[in-house]
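Heads up, the thing below is written out as structure tokens.
The values are calculated or read from the model by the stated rules, or taken from the named source; none is laboratory data. Fair warning: this is a prediction, and the values are worked out from it, not measured in the lab. Every residue, glycine among them, receives a Cβ derived from its backbone with ideal geometry; neighbour counts consider all protein chains shown.
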Amino acid sequence: MKYPIVFIDADDTLLDFPAGEVMAFTMCMHDLGIDGMAAEAFSIYKTMNAAIWKEHEQGLISIEVLKTERFSRFFTYMGIDAPAEKAGRLFLEHLGESDHLIPGAISLLETLHGMGVRLYLATNGYPEVQHSRLERTGIRKYFSGVGISGEMGFRKPDVRFFEVLHTIAGTQDCRQDVLMVGDSLSSDIAGGINAGLDTCWFNQYGLNFPPDVRPTYDVHNLSDIVRVVAGVAIS
């Protein structure tokens with residue numbers, strides 16, 4: 001086996017974040033008495049949320065400020081008089097209730113776990129949300145350890161995130177045995193590369209990667225990750 005240890009991302013790699021996001025947003029707005037919001041409004045929120053998470057990745061905004069600020073910006077843009085702090089709290093509560101998985105996620109985890117691979121979750125996000133989703137989806141049992149940015153004090157792609165995860169996994173002296181898997185070039189892949197790890201990009205939409213971020217492996221299906229870990233795939 002080429003990679004007996006795998007660090008793997010959560011959102012959009014194992015957990016279906018878009019499905020959970022729609023549910024959480026809809027329920028949050030309902031709780032605030034803002035019903036019947038058009039799909040266009042959610043699209044605006046989604047764009048704003050993606051932008052503010054990029055700011056977080058770049059260290060421009062803390063994860064605590066983010067939870068309120070994204071709704072503050074959204075409500076201001078939409079001209080809606082609603083409490084952003086309450087919206088942020090409600091949204092996270094409902095997001096934690098999400099049990100949506102990427103198709104093939106369970107099969108991937110079962111196969112890798114059955115092969116004896118040590119799995120460690122490597123995710124940016126809020127601890128209370130991620131822990132809840134891991135339990136609700138039933139995938140927590142597959143992991144030897146969990147690394148969540150909100151608990152670790154560092155976020156991907158910060159190299160310090162990976163240093164803390166190495167401490168959790170006890171892999172400081174065997175980094176060549178570790179593969180970082182994820183869907184985000186800017187967070188998972190760039191972070192893994194900066195930390196000196198081989199990386200596997202879960203590129204389910206068949207996108208081209210930029211010349212400055214080159215993953216070791218580029219796969220389009222979760223099942224292909226098994227071949228990479230086993231050493232069958234060619235980079």
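For region 4-15, the criterion of a residue being assigned to a helix (DSSP H, G or I), surrounded by fewer than 19 Cβ atoms within 10 Å (Cβ to Cβ) and either hydrophobic (A, V, I, L, M, F, W, C) or on the phi > 0 side of the Ramachandran plot (or both) is satisfied by no position.
Pick from Met78, Met27, Met48: which is touching a residue at least 24 places away in the same chain (Cβ under 8 Å), farther than 25 Å from Ile168 by Cβ and touching a Phe, Trp or Tyr at 6+ places or on another chain (Cβ under 7 Å)? From the options Met78, Met27, Met48, the qualifying one is Met48. Out of Ala10, Ala24, Ala84, one residue alone is touching a helix residue (DSSP H, G or I) at 6+ places or on another chain (Cβ under 9 Å) and assigned by TED's automatic domain parsing to the domain that holds Ala105. It is Ala10.
Which ranges mark the strands (runs of 3 or more DSSP E) fully within region 167-235 that have 1 or more residues being of a type in the set (A, V, I, L, M), in contact with a Ser or Thr (Cβ under 6 Å, 6 or more places away or on another chain) and under 19 Å from Leu112 (Cα atoms)?
Working: elements: 178-182, 198-202, 217-219.
Strands (runs of 3 or more DSSP E) meeting the threshold: 178-182.
Against the numbered list (1) of a type in the set (A, V, I, L, M, F, W, C); (2) crowded, with 17+ Cβ neighbours inside 10 Å; (3) closer than 20 Å to Leu179 by Cα, Val129 comes up short only at (3). The residues on offer are Glu40, Glu69, and the sole one that is free of Cβ contacts under 8 Å to residues at least 60 places away in the same chain, of a type in the set (Asp, Glu) and exposed (fewer than 15 other Cβ atoms within 10 Å of the Cβ) is Glu40.
Looking at Gly206, Gly231, Gly196, just one residue is exposed (fewer than 14 other Cβ atoms within 10 Å of the Cβ), of a type in the set (Gly, Ala, Ser) and under 19 Å from Phe162 (Cβ atoms), and that residue is Gly196.
Out of Ser107, Ser72, one residue alone is assigned to a helix (DSSP H, G or I), touching a helix residue (DSSP H, G or I) at 6+ places or on another chain (Cβ under 6 Å) and at pLDDT 95 or above. It is Ser72. Give the residues of region 137-172 that are out of contact with any helix residue (DSSP H, G or I) (no Cβ under 9 Å at 6 or more places or on another chain) and exposed (fewer than 15 other Cβ atoms within 10 Å of the Cβ), sorted by residue number. Of everything in region 137-172, those that are out of contact with any helix residue (DSSP H, G or I) (no Cβ under 9 Å at 6 or more places or on another chain) and exposed (fewer than 15 other Cβ atoms within 10 Å of the Cβ) turn out to be Glu163, Thr167, Gly170. If you take the residues of region 51-62 that are touching a residue at least 12 places away in the same chain (Cβ under 8 Å) and surrounded by fewer than 16 Cβ atoms within 10 Å (Cβ to Cβ), which of them is farthest from Ala82 (Cα to Cα)? Per the stated criteria, the residue is Gly59. The residues on offer are Met23, Met1, Met48, Met29, and the sole one that is loosely packed, with under 14 Cβ neighbours inside 10 Å and either part of a helix (DSSP H, G or I) or of a type in the set (A, V, I, L, M, F, W, C) (or both) is Met1.
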